Amino acid sequence: MKATLILTLAIVCSTIYFNGNTSNTITSGDRVPASVRSPQTLNTCVYSPGDIAPVTGHGSDIHKARSAASKICFERRIDLFEKTRNAFPSTAQGQLIIDSCVNIKCK
């Protein structure tokens with residue numbers, strides 16, 4: 001009986017402590033770090049290279065959207081290379097593909 005009473009009291013006290021402790025909550029005037037904020041809008045990067053279909057990357061900011069578009073561009077160009085030549089690109093050819101997809105301009 002004593003153990004049940006102590007356990008119940010401990011649960012009630014811990015619930016009150018953790019729910020009632022508001023000193024660590026964020027108020028409307030506090031600054032929230034960018035890593036914690038949820039994205040309000042999803043940015044888009046559209047790139048039309050000409051040799052492959054237009055590439056669209058999405059991200060929480062323009063830099064992440066551009067990075068996503070670069071990855072898609074690279075994957076499509078590697079697939080195109082493999083389909084047309086039935087071989088994997090050499091190191092030099094792979095570097096050229098990487099450079100062409102990293103240096104993209106978003107519209």
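The values are calculated or read from the model by the stated rules, or taken from the named source; none is laboratory data. The structure displayed is predicted, hence computed values, not measured ones. All Cβ positions, glycine included, derive from the backbone under ideal geometry; neighbour counts span all protein chains shown.
Table for the structure above
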read-out: Flag for Ile52 being in a helix (DSSP H, G or I) and of a type in the set (A, V, I, L, M); value: no
read-out: Top-ranked residue of the stretch 29-47 - restricted to ones that are assigned to a loop (DSSP other than H, G, I, E, B) and either modelled with pLDDT of 90 or more or of a type in the set (Val, Ile, Thr) (or both), ranked as nearest to Leu80 (Cα to Cα); value: Thr41
read-out: Any pair with Cβ under 6 angstrom, 6 or more apart, that starts in the stretch 76-88 at a residue that is farther than 21 Å from Tyr47 by Cβ and ends at one that is loosely packed, with under 10 Cβ neighbours inside 10 Å; value: none
read-out: Residues of the stretch 58-75 that turn out to be within 11 Å of Val46 (Cα to Cα) and either charged (D, E, K, R) or in contact (Cβ under 8 Å) with a residue 40 or more places away in the chain (or both), as a count; value: 3
read-out: Residues being surrounded by 15 or more Cβ atoms within 10 Å (Cβ to Cβ) and touching a helix residue (DSSP H, G or I) at 6+ places or on another chain (Cβ under 8 Å) - total across the stretch 47-62; value: 6
read-out: Residue in the stretch 89-104 that is surrounded by the fewest Cβ atoms within 10 Å (Cβ to Cβ), counting only those that are under 30 Å from Asn43 (Cα atoms) and touching a Phe, Trp or Tyr at 6+ places or on another chain (Cβ under 9 Å); value: Val102
